[in-house]
Amino acid sequence: MFQKVLVANRGEIAVRIVRALREAGVASVAVYSEADRASLAVLMADEAAYLGPAPASESYLRIDKIVDAAKRHGAEAIHPGYGFLSENADFAEACEAARIVFIGPPSAAIRQMGSKTAARKLAISAGAPVVPGTESAIDNLENAKATARDLGYPVLLKASAGGGGKGMRRVDREADLEAAIRDASSEAQRAFQNGEVYLEKLVLEPRHIEIQVLGDRHGHMIHLGERECSIQRRHQKVIEECPSPVMAEHPELRERMGETALRIARAANYSNAGTLEFLVDRDRNFYFLEMNTRLQVEHPVTELVTGLDLVQWQLRIAAGEPLTVRQEDVRWSGSAVECRIYAEDPDQQFLPSPGQIARLTEPAGPGVRLDSGVYEGWTVPLDYDPLLAKLATWAPSRETAIARMRRALSECMIAGIRTNRAFFSEIMDDAEFRAGRLSTAFLDEFFARRKAKAPDLETEAVAALAAVLDQRKPTAKSSIAPTSQWLQDGRETLLR
Amino acid sequence: MFQKVLVANRGEIAVRIVRALREAGVASVAVYSEADRASLAVLMADEAAYLGPAPASESYLRIDKIVDAAKRHGAEAIHPGYGFLSENADFAEACEAARIVFIGPPSAAIRQMGSKTAARKLAISAGAPVVPGTESAIDNLENAKATARDLGYPVLLKASAGGGGKGMRRVDREADLEAAIRDASSEAQRAFQNGEVYLEKLVLEPRHIEIQVLGDRHGHMIHLGERECSIQRRHQKVIEECPSPVMAEHPELRERMGETALRIARAANYSNAGTLEFLVDRDRNFYFLEMNTRLQVEHPVTELVTGLDLVQWQLRIAAGEPLTVRQEDVRWSGSAVECRIYAEDPDQQFLPSPGQIARLTEPAGPGVRLDSGVYEGWTVPLDYDPLLAKLATWAPSRETAIARMRRALSECMIAGIRTNRAFFSEIMDDAEFRAGRLSTAFLDEFFARRKAKAPDLETEAVAALAAVLDQRKPTAKSSIAPTSQWLQDGRETLLR
Amino acid sequence: MVARRQGDAAAVKFEIVIGGQAASLTTTGERFEYRREGGPAMERQYSAASAGDGTLSILIDGRSYAVAILGAGEVSVNGRVFRVDVFDPREQRGRRAAAENSGPQAMTAPMPGRVIRVLVVAGQEVAAGEGLIVVEAMKMQNEMKSPRAGRVQAIKTAAGAAVSAGDVLLVIE
Amino acid sequence: MVARRQGDAAAVKFEIVIGGQAASLTTTGERFEYRREGGPAMERQYSAASAGDGTLSILIDGRSYAVAILGAGEVSVNGRVFRVDVFDPREQRGRRAAAENSGPQAMTAPMPGRVIRVLVVAGQEVAAGEGLIVVEAMKMQNEMKSPRAGRVQAIKTAAGAAVSAGDVLLVIE
């Protein structure tokens, strides 16, 4: 095992990895930008290295500075976490060149899976089902129109270098195709410095289900089953589960998808932890979408249900140790749900809400796992994504895991900034969610049927009473004027 | 299931039960003394009932007030937690008389197991091995001397109504017997209003291992395996584990002890959750000690390893539901360790340290379960026992569970009062503990071999620097003068 | 406790806007009366105890309410968040202001962030819902739109500026 | 940062008692020199940042120290608790007092609790280790013993009294 590892990330995932290193008896090196000097990861790590100013482009995306910090601190390996440089093949190669172990797959696998079109080709060659569409980027409008006609509308435009829904457009009629290509391409250009887009058949109301794989460097690879990630807002996952409700009814689907995932991963000569994303339609046909060649945000639900520690296995595998878990050893026990606590305001179209956390009460108790990157008094920077913490619960059944999540959410209190906590409580009470009737359209439909429950009069009166009793107290800084007069359209929030 | 349940307890266990009720969709009623008006349990419960002044004798031990509160709030059942009235047969009967369900065993079973001598007789009749000794209380000195001679010194004096080591004395020579009987009897009288003591053979360096049983009201009972509770200070458990290291080496022992436990419990017509305590000697002979007819403080380690929620099952069983778990369904997976965080000062012979918690940082992350009864700003009353919280970790192996506990302890910070947190970190590093070589003599031996590691100079310098940088800040109220001049003898602290 | 009662013994009436609704609360010792504007009165005996910084335990007829003062006029009761503005009996003006909104309107930044683009110029006529300014935070761009038709009276910021929540960015008249 | 450096630029020396040991710390801007009495000097460059109320992040050559000010002269560094008394250069007396102990000695309550029994009377001669007072808290009785042979000069409490940690219970001379 390594003596010292640098964590090339920030926020909750940096804390998660520092914790894993401490448990493994490995010294940890955190990195930080000016905005993160006093981050929880810096506080918890054994060592910390300054990268640069707050903007990621000057800190967490600077390959040179990170490799240099690893050398300076004598770290033998780098864990990239997710996001930032985690799927950057150049970074993996820079590590290799500096004789620093990159804790992840070989750079070749990253590169191959980094292009969605290349990944599609590989999946097809491995005999995996993919969403009907072009394998190659759109070069001219006429070909695109022809392809769209063959696929049949509605179709979906996607960015080759894409992720997080950027550069993605639904197109319902040929008349809209040209404008959509222009918008998608320019958005992709802005987001990924790569304007390539391609066409896919749009699968209606699909579930978004992903398969976790884990392989060592000696040719042994297993899958750890699925995560149900259908609940998304603007293509950003919000709630994840394991097992998927559909697997509970159709266990054979896990086997089939797991086998397919392993075929694709093996075809890419993959090793370490990786995730293969699929769409599953109403008839339980599944289509490979893309592979994430890194640890997923939502990995805790898999850990809770399988009892396996993915980060520990990432470390051991990167250190060259064999994966001693056989496929038949993997057991899925009970049910886990995860909510992503974001610094955003659900009452104002999920506007970001950075600022200082004036007070924080964290949920705890049986079956509750909190992976947080913040603390009371911490100022959430406006330079990075708004994920504050991941709250996960485990219980013997999905029903009790959801009941436990409701309980845990009721204990969680974050003051000074807005979060989506209360929004999750509403979803936990939603009949469709409880029934496990999920699709990527879930949230849009939820917003449509959602009606705020009126508080009972006594609770409202208590709020008034408390405000009166509190009159003397000062008010927190970064919170949002209530009667804010802006008109906003949720769907408009990501500008085009 | 019940609509509303009253929780007749305080501190972390009241919170544990309120959480379980919330998850079950049952309204909860907390009770509080003057000292507990703003306790965490009161904050979290749906309703709260005032009992009386701080002393337990005027609040948490007042059967009349508790039953009255349950009636007033319309609670159909009462969960007694542990301690206080949990093993008081009169209380169980008072509930029955008031047509309130007592969430625990039948009062007859409580009464029978409440007398250690009666419990011994029952165990013997059930063919269970017991520590050689008298079944009956000592009536005169000459008989006692004769018995002690037959047993052979050293012998142990125990209180019939005993618990927590009160009224317990080791006697090595006949010359000491008379004085020991007098001391033990008067201590027992003070503690339990019952001076009866009896004689047992002293088992040298035994492990203290207990078996959890769970039975419904329809005659179905199972065991959930053992908890290793050998690490005790003055007969108070400090660290518990599941599985016991000895079981890991000798799995058949779990079967044998489990079977024995079930035989005894069935002989007592037991139902609901209960725990049978055993001594296990070096040759793995085991002897029944006593039965605790309630939920144990340390139940979380069993829940973590079996995945079963003991409190939820207590509720269902009390509501008359059948226990649907068969013995063959019970699986023990991984390893769990629990540390009891007490408000006491390990650097001053574990003196109690009540007072206000000026600041609190709770550990979290993968495999960590915290059952706490306190919050930042809470004033820990001096009227009750010093248990603040139970910190438990789970991992696939004992070694990793211990590593995880070290990590969790390093994240835990409690300011304003003293706690034994740092003391646990030392034990987690102890070679004997890591090797699983445990006995009830463990802590005495640990104190003997313990040598405080000198801090490295830089860490010490940082402490000095921080104190200098902090000069302006005010200091917390209830903390203890460092250069306190008292001479104290740990063994003397419990007066005789 | 006794001292407290004496302190509060005199009835004091507060005008309140809660969740945009006007209401009033009158406290007398450990009793209070709450009334939504035009609604029936609710009178209760209560007990309040501090539960750490900014947290209260309030009991009413044995029902337990955990209250957290979140700051900026926000109060959480058993996990449910309320916006509450309390007005001293004297300053009725303040309250009406909070209830209505007319005249020139200051457009405040709804979140801290950076101004990416200003889409209008001073003096320009704008329609309701027309885009005015784009603010970015946490990798998310947000277009601020005009609440009503009117004229841009003044622009108080510029592209590239860092803004805090509540900063006035421009005024519509 | 600049302002801070200027503020601290002048070298300031503090006398310290840490874990009962005398030491000294000299700070100059963002450098400090630490020396145990009679020991070698350790000089370091450091960076300190606030990490919430009473918590500091201190970096030295890239090594990270999480520091919590626990109050009552206690400091926790990466989970290790130190007792530190800092003395202003001027008041050397205070420091010596903390190091030595002689003359009449005030016996302070080591914990909050209730006095159960007083085992001596004023004027009584006591031997080292002799029981003086029994204080109870959290269901635990604790017998306070005399640190040395001497005479009970005064008793400042009585059976049944509630005491706070640090309260003087009696004086031995």
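No value in this document is a laboratory result; all are computed from the given coordinates. Because the structure is predicted, anything quoted here is derived from the model rather than measured. Glycine gets a Cβ as well: all are built from the backbone with ideal geometry, and neighbour counts include every protein chain shown.
Distances in nm, one decimal, shortest first, from B:Arg234 to the same residue in every other copy, taking the label point 7 angstrom along Cα→Cβ.
Label-point separations across copies, in nm and ascending: 6.0.
Kindly state, to the nearest 0.05, the FRET efficiency for B:Glu34 paired with C:Glu30, given R0 = 25 Å and r defined as their beta-carbon distance.
Given R0 = 25 Å and the Cβ-Cβ separation, E is 0.95.
Anything over 28 Å Cα to Cα? Flag those among A:Lys116/C:Lys139; B:Lys453/D:Lys156; B:Lys166/B:Lys390, in the order listed.
B:Lys453/D:Lys156
Using a 10 Å cut-off around each Cβ of peptide A:15-23, what is the average number of partner chain Cβ atoms that fall inside?
Across A:15-23, the average partner-chain Cβ count within 10 Å equals 5.
Could you compute the FRET efficiency for A:Ser397 and A:Glu142, with r as their C-beta to C-beta distance and R0 at 41 Å, rounded to 0.05?
FRET efficiency, A:Ser397 to A:Glu142: 0.15.
Counting each DSSP H run of 4 or more residues in chain C as -39500 (n - 2.57), what helix-only mean residue ellipticity at 222 nm follows after dividing by all residues, to the nearest 500 deg cm²/dmol?
After summing the helix terms and dividing by residue count, I get -2500 deg cm²/dmol.
For a label point 7 Å from the Cα of A:Leu204 along Cα→C-beta, name the residues of segment A:122-158 whose backbone N is under 13 Å from it.
Under cut-off, by backbone N: A:153-155.
If contacts are Cα pairs under 8 angstrom and at least 6 residues apart, what is the relative contact order of segment A:158-231 in percent?
Once divided by the residue count of segment A:158-231, the mean separation gives 26 percent.
Sort A:Phe288, A:Phe84 by Cβ crowding within 10 Å, fewest neighbours at the top.
A:Phe84, A:Phe288
Please state the shape class of segment B:247-307: rounded when a/c is under 1.5, otherwise prolate if a/b exceeds b/c and oblate if not, all from the C-alpha gyration tensor.
oblate
For a quick check: sort B:His299, B:His73 by the number of other beta carbons within 10 angstrom, fewest at the front.
Arranged by neighbour count, lowest to highest, B:His299, B:His73 become B:His73, B:His299.
Find the chain B residue whose Cβ sits closest to the rotation axis that carries B onto A, and give that distance in whole Å.
Output: B:Glu362, 3.
Counting only other chains, and only Cβ atoms inside 10 Å, what mean value do you get across the residues of A:46-55?
Mean partner shielding for this stretch: 2.
Can you show me the helix-derived [θ] at 222 nm for chain B, built from DSSP H runs with n ≥ 4 at -39,500 (n - 2.57) apiece and divided by the number of residues, rounded to the nearest 500.
Taking each H run of at least 4 residues, the total per residue is -10500 deg cm²/dmol.
Other chains' Cβ within 10 Å of A:348-360 residues: what's the mean?
Counting other chains' Cβ atoms within 10 Å and averaging over A:348-360 gives 5.
How do B:Arg62, A:Arg406 rank when sorted from fewest to most other Cβ atoms within 10 Å of their own Cβ?
Lowest to highest Cβ neighbour count: A:Arg406, B:Arg62.
Among rounded, prolate and oblate, which fits chain B when a ≥ b ≥ c are the square roots of the eigenvalues of its C-alpha gyration tensor, a/c under 1.5 means rounded, and a/b larger than b/c means prolate?
Cα axes put chain B in the rounded bin.
So for each of B:372-382, A:177-187 I average, over its residues, the number of other beta carbons within 10 Å; can you give me the resulting order with the highest mean first?
Top to bottom by mean Cβ count within 10 Å: B:372-382, A:177-187.
With an 8 Å Cα cut-off and a minimum separation of 6 or more residues, compute the relative contact order for chain C in percent.
16 percent
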